[in-house]
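**Student:** Before I ask anything, here is the structure I am working with.
Rule-based calculations on the coordinates, nothing more; no lab input. On a predicted model such as this, the values are computed, not experimentally measured, just so you know. All Cβ positions, even for glycine, are placed from backbone atoms using ideal geometry, and neighbour counts span all protein chains on display.
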Amino acid sequence: MEPRDAVRRRIFVADLGLKVEISAGVIQKVMYDQTSRSLLWAIAPLITAEGLRAKSSVVWLKELALPTSKFRVARSKQSRGGWLINLLYGKTTVEILET
């Protein structure tokens with residue numbers, strides 16, 4: 001699936017009750033695994049070659065469904081109320097896991 005918002009910075013997965021938003025860059029593609037209840041998605045630093053390149057992005061997760069569901073971004077550290085993703089080397093893959 002792909003993000004449907006105009007700036008390609010937000011996704012919502014109804015099965016998880018999870019809203020994901022990024023501070024910079026664009027979400028290119030999202031894969032949802034129902035069995036593991038996880039998301040794997042690609043984030044790129046810009047939309048076009050002429051655009052500004054983001055060096056990093058913060059991923060904010062908002063659980064809207066069950067208060068017992070908690071999610072985290074694999075292999076990243078917390079920053080600015082979310083999870084910091086490095087975009088220095090261009091496109092990267094981000095994995096969101098249920099804890």
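**Student:** Tell me the chymotrypsin sites (Phe, Trp or Tyr not before Pro) within the chain that lie in a loop according to DSSP and have at most 15 other beta-carbon atoms within 10 Å.
**Tutor:** Answer by residue number: Tyr89.
**Student:** If you don't mind, there's one more thing I want to ask. Explain nothing, just the number: relative contact order of region 10-98, from Cα pairs under 8 Å at least 6 residues apart, as a whole percent.
**Tutor:** Over region 10-98, the number comes to 31 percent.
**Student:** Report the extension gain between Ser56 and Arg10 in nm, rounded to one decimal, defined as 0.36 nm multiplied by the number of residues separating them, less their alpha carbon distance.
**Tutor:** Once the chain is fully extended between Ser56 and Arg10, it gains 14.9 nm.
**Student:** Here's another thing I want to ask about it. Based on the alpha carbon coordinates of the chain, what radius of gyration and maximum Cα-Cα distance (Dmax) apply, in Å?
**Tutor:** In order Rg, Dmax, the Cα atoms of the chain give 12.9, 43 Å.
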